[in-house]
Amino acid sequence: MRASDRHDRRLTELRLRFPAISGWDAPEIVLKDLKMTEFVTLDAFDHRLIDRVRRNNLEPARVTAEAVGLSESAVLRRLRRLRADGVIVADVAMINPDRVEPRIVLHVMVEMNTQDRKVMNAFQAAMRASPEVQGCWDVTGPTDYLVTVSVRSMADYEAFGIREMTPEKGVRSYQSMIVIREVVGFDPARSVLSR
């Protein structure tokens with residue numbers, strides 16, 4: 001292949017190698033038609049700010065400023081920039097489900113019957129639109145997706161399965177795991193991003 005052909009091919013494909021596995025004989029994964037993520041350059045102050053707002057985004061700017069070693073206006077300016085650059089994408093409230101109503105949480109491993117991009121995109125859109133879905137991840141391994149579902153009853157989960165986990169939607173099979181108890185819940189403060 002000529003150098004110019006290789007360059008053109010790189011414009012539409014991203015090649016990943018894992019040399020730590022077996023040197024140059026490492027498996028190569030080709031991802032077509034994906035946009036590369038543009039990373040934002042963060043300094044030590046940005047990392048400290050992210051760590052603070054991840055733990056409590058309602059902390060007053062003056063308290064944050066004192067904790068990270070910046071002025072209050074610098075904190076507000078940096079937080080605006082982090083939001084504008086898409087580093088901070090949402091300010092949300094974490095709800096304690098035990099204080100609201102009983103829920104059944106299930107982790108569902110989904111295997112698709114095709115890797116056709118249109119089918120996969122439609123499934124992803126359906127997961128985003130389903131109110132029962134708390135999270136959905138495209139994963140490696142024997143299954144294609146890991147979906148976290150929260151419902152009031154098993155009848156509600158059955159209705160979700162009948163509606164979303166069908167061969168017509170590209171699903172070959174799915175396996176459900178009911179959460180007995182939460183050992184470590186979602187905790188943004190545990191992230192290693194700012195460390």
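Each Lys or Arg adds one and each Asp or Glu subtracts one; over the other residues with Cβ under 9 Å from the Cβ of Asp46, this totals +2. First select every other residue whose beta carbon is under 13 angstrom from the beta carbon of Asn96; then total the charges, Lys and Arg +1, Asp and Glu -1. Summing Lys and Arg as +1 and Asp and Glu as -1 gives -2.
A straight chain from Ala61 to Gln134 at 0.36 nm per residue would run longer than the Cα-Cα distance by 23.2 nm.
Rg/Rh for the range 109-195 (Cα atoms only, Rh after Kirkwood) is 1.00. Annotation: amide H of Asn113 within the under-5 Å range of Val171, Arg172, sequence separation 5 or more or interchain, hydrogens built in the peptide plane. The value obtained for the range 51-195, namely the Cα convex hull volume divided by the number of residues, is 150 Å³ per residue.
Counting Cα-Cα pairs of the range 133-179 in 10 Å increments starting at 0 gives whole-percent bin shares of 22, 60, 18. At most 12 other Cβ atoms within 10 Å and a DSSP loop assignment: could you name the trypsin sites (Lys or Arg not before Pro) in the range 131-191 that fit? Answer in residue order: Arg152, Arg181.
Computed from the coordinates by the stated procedures, all read-outs in this text should not be read as laboratory data. Everything quoted here is computed from the prediction, not taken from an experiment. Cβ coordinates were reconstructed from backbone atoms using ideal geometry, including for glycine residues, and neighbour counts include every protein chain displayed.
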